[in-house]
1. Just give me the residues in region 47-61 being within 17 Å of Ala92 (Cα to Cα) and without any contact (Cβ under 8 Å) to a residue 24 or more places away in the chain, in sequence order.
2. In region 25-133, which helices (runs of 4 or more DSSP H) lie fully inside it and hold 3 or more residues that are surrounded by 17 or more Cβ atoms within 10 Å (Cβ to Cβ) and at pLDDT below 90?
3. Under 7 Å by Cβ, and 6 or more places apart or on different chains, what pairs join a residue from region 96-117 that is without any contact (Cβ under 8 Å) to a residue 40 or more places away in the chain and closer than 16 Å to Tyr70 by Cα with one that is hydroxyl-bearing (Ser, Thr, Tyr) and surrounded by 10 or more Cβ atoms within 10 Å (Cβ to Cβ)?
Amino acid sequence: HTGLVSDDVSLSQEKEADIAAAEWVLDGLAGARDMRFTKRILSIVNGMLFLNIYGFARGTHCGRRHPFNYDRLMMPILRFLGTEAHIAESYAFAVLSLYMQVTGRAAQTGQFETFRDALESLCDQLAAEAGNK
């Protein structure tokens, strides 16, 4: 399909596809307090973490026809977790922070009120490294 549509249309379709896939995986679950929801959201986040780590290892971050990997990581967190703290946020922060340490990247320092704030800071830092923010 990439040759048939513009980059803007393709990017929009990919974002919609990410959301539809996550909604399908989480369909019928009671919400963040349901352990099945927690397992599934962690699986989604884990997949998005893989895209980030693999993308940085290969030097591909998407953004032209696919959403940037770090934006794809934040999408399920922002869309499905609401405002309450959730283990998926701390998990994503821990894995991404560890990856940055192992690869010699210094994470931005500061005090954050939530793991979500800290994770967003890491994603902003990765975006800046990739030249996208």
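The values are calculated or read from the model by the stated rules, or taken from the named source; none is laboratory data. Everything quoted here is computed from the prediction, not taken from an experiment. A quick note on method: Cβ atoms are made from the backbone with ideal geometry, for glycine too, and the neighbour counts reach across all protein chains shown.
1. The initial filter retains those residues of region 47-61 that are within 17 Å of Ala92 (Cα to Cα), namely 47-56.
Of everything in region 47-61, those that are within 17 Å of Ala92 (Cα to Cα) and without any contact (Cβ under 8 Å) to a residue 24 or more places away in the chain turn out to be Gly47, Phe50, Leu51, Tyr54, Gly55.
2. On the way: elements: 35-58, 69-80, 87-102, 115-129.
Once the helices (runs of 4 or more DSSP H) in region 25-133 are filtered for at least 3 residues that are surrounded by 17 or more Cβ atoms within 10 Å (Cβ to Cβ) and at pLDDT below 90, what remains is 35-58, 69-80, 115-129.
3. Ala107/Ser97; Gln108/Ser121; Phe115/Ser90
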